[in-house]
Amino acid sequence: MAMQTDVLASAVRTTDGLLQDQATNNLGRARVKAIYIVPDTGAGSVVFKDGGASGTTRMTINTLASSTTPDYILLPGEGLLFQSNVYVDLTDVVSVMVFYA
């Protein structure tokens, strides 16, 4: 069985903004396959938007209070397609990284 496509990892994002690749280039069109979140001590959220800060919300992930255990989320099927870019809005989250194609 042949590999479908290479999967890449974003740079770790610790503030709101566009996700970047390992060479600090903003991710353009991308298909998010998995997410790695390190939550803070309070209940928080990671909001994924397509098209920047005022773009379309594609997914919201809520984190639990009093849990700083990292969360790894594997998206089903071929993942979630972002047409223009991947923007994350972080609330009470230490960091987030995505695996994408």
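Okay, residues lined up against (1) crowded, with 16+ Cβ neighbours inside 10 Å; (2) out of contact with any Asp or Glu (no Cβ under 9 Å at 6 or more places or on another chain); (3) over 13 Å from Met97 (Cβ atoms):
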site	(1), (2), (3)
Asp6	no, yes, yes
Asn25	no, yes, yes
Gly28	no, yes, yes
Ile35	yes, no, no
Gly42	no, no, yes
Ser45	no, no, yes
Ser54	no, yes, yes
Thr57	no, no, yes
**Prompt:** Since Ala11 meets every condition but one in (1) surrounded by 11 or more Cβ atoms within 10 Å (Cβ to Cβ); (2) small (Gly, Ala, Ser); (3) over 22 Å from Leu74 (Cβ atoms), which condition does it not meet?
**Reply:** (3)
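Just so you know, all these numbers are worked out from the coordinates, no wet-lab data involved. Every value quoted in this text rests on a predicted model; they were computed, and no experiment measured them. Ideal geometry is used to build each Cβ from the backbone, glycine not excepted, and the neighbour counts take in all protein chains shown.
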